[in-house]
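Here the structure comes first, spelled out in structure tokens, and everything after it is commentary.
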Amino acid sequence: MESAPAGSTRLETAANDAGGGKFVRLEAVCKSYDEHGSRRDVLRDLDFSIGRGQFVALLGRSGAGKSTLLNLLGGLDVPTSGSVSVGGTRIDGLSEDERTLFRRQNLGFVFQAYNLIPTLNVLDNLLLPLELAGRSGPKGRSAAQKSGHGRSARERAEWLLEEVGLADRGQSWPDRLSGGEQQRVAIARALAAEPLLLLADEPTGNLDYRTGRTVMDLLHRLVRDTRTTMLVVTHDRDFLQASDRIVRLHEGRIEQITLDEATAR
Ligand SMILES: Nc1ncnc2c1ncn2[C@@H]1O[C@H](COP(=O)(O)OP(=O)(O)O)[C@@H](O)[C@H]1O
Ligand SMILES: [Mg+2]
């Protein structure tokens, strides 16, 4: 798995706009879990799509299936039935190894638990996804400098650390950081390999207000500057306000809601 060839599944620009303007497309998706012999239907005939470069906020009660949905989009799990496409690629049709490679080269994931690698310092945690995506070498420095693209891996990793306010913590071990600091490293790591689709599960949930705004501004700027598509599980009012669209997972399906509806609880 670790030796999978790099460079073969990174989506090209043409593919980014494939799928009739729907960068992300889920069709008739069902996801059930078997538990102690009884079946739990979490996603039930769910249809959902996101246009390229859109910033979508995802709401829903605890247990509604938000993390399940993110896992399907991130290729960490497969649906019981239905199809999941990203950039025109059916990720549910890929083998596990292909899904892993596809994820490394195209997706960024901010988990609810930070999942930093404890034996790597902060900077190396950021460099790892670049290596895994096969993009650790220096690049041309012409394009989109302000969003950190077109820099060498190390420059980009350092730039991201600076963006999340941790420029001086590159050599620290993750367990020496506070929860909020680890979350910021996790966010920087998710952005390291210039993902086309960023999936985030409550990315500001553990951050104080001011740090939360910094992270949100970073994500928002990224969408604008690089057309990164984002699906973010969040109940953060500012996040909801900044999003292009708010959806709610309810009884196994996606429904579109307004900002007023989203904040009226
Ligand atoms: N691997 C699993 N095995 C069995 N049940 C699971 C598994 N993952 C999630 N579930 C169940 O699916 C439902 C949705 O979970 P989840 O997607 O984590 O919800 P949310 O993120 O919205 O809180 C929950 O009832 C949860 O217990
Ligand atoms: Mg969850």
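The values are calculated or read from the model by the stated rules, or taken from the named source; none is laboratory data. Please read these numbers as outputs of a predicted model, since none were measured by experiment. Note that we place each Cβ from the backbone using ideal geometry, even for glycine, and neighbour counts take in every protein chain shown.
Do we find a residue being within 16 Å of ligand 2 (Cβ to nearest atom), farther than 23 Å from R184 by Cα and touching a Pro at 6+ places or on another chain (Cβ under 6 Å) anywhere in the stretch 72-89? Yes, the stretch 72-89 contains a residue that is within 16 Å of ligand 2 (Cβ to nearest atom), farther than 23 Å from R184 by Cα and touching a Pro at 6+ places or on another chain (Cβ under 6 Å). Of everything listed in (1) away from ligand 1 (no atom under 16 Å from the Cβ); (2) in contact with a Leu (Cβ under 8 Å, 6 or more places away or on another chain), the single unmet condition for L69 is (1). Of all the numbered requirements in (1) hydrophobic (A, V, I, L, M, F, W, C); (2) modelled with pLDDT of 85 or more; (3) surrounded by 16 or more Cβ atoms within 10 Å (Cβ to Cβ), V215 misses one, and that requirement is (2).
Matching residues to (1) modelled with pLDDT under 95; (2) farther than 30 Å from T263 by Cα; (3) in contact with a Ser or Thr (Cβ under 8 Å, 6 or more places away or on another chain):
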residue: A28; (1), (2), (3): no, no, yes
residue: K31; (1), (2), (3): no, no, yes
residue: E35; (1), (2), (3): yes, yes, no
residue: D45; (1), (2), (3): no, no, no
residue: G53; (1), (2), (3): yes, no, yes
residue: L58; (1), (2), (3): no, no, yes
residue: K66; (1), (2), (3): no, no, no
residue: S83; (1), (2), (3): no, yes, no
residue: G87; (1), (2), (3): yes, yes, no
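If you filter the stretch 74-99 down to residues that are under 15 Å from C30 (Cβ atoms) and of a type in the set (A, V, I, L, M, F, W, C), you find that the one that is farthest from ligand 1 (Cβ to nearest atom) is V84.
Need a quick list: strands (runs of 3 or more DSSP E) entirely within the stretch 152-265 having at least 1 residues that are touching a residue at least 12 places away in the same chain (Cβ under 8 Å) and of a type in the set (S, T, N, Q). I'd like the intermediate steps shown before the answer.
On the way: elements: 197-201, 229-233, 245-250, 253-257.
So the answer is 229-233.
Please go through the stretch 95-129 and give me each residue that is within 16 Å of ligand 2 (Cβ to nearest atom) and in contact (Cβ under 8 Å) with a residue 60 or more places away in the chain, ordered by number. Full working, then the answer.
We begin by selecting, within the stretch 95-129, every residue within 16 Å of ligand 2 (Cβ to nearest atom); these are 109-115.
Correct list: F109, V110, F111, Q112, Y114, N115.
For the stretch 157-203, taking the residues that are at pLDDT 90 or above and among the basic types (K, R), the one that is nearest to ligand 2 (Cβ to nearest atom) is identified as R189. Screening the stretch 207-235 for residues that are farther than 29 Å from A28 by Cα and charged (D, E, K, R) and picking the one that is farthest from ligand 1 (Cβ to nearest atom) gives D225.
Within the stretch 37-62, being of a type in the set (G, A, S) and assigned to a strand (DSSP E or B) holds for S38, S49, G51, A57. Screening the candidates L101, L120 for the property of being in a loop (DSSP other than H, G, I, E, B) and at pLDDT 90 or above yields one hit, L120.
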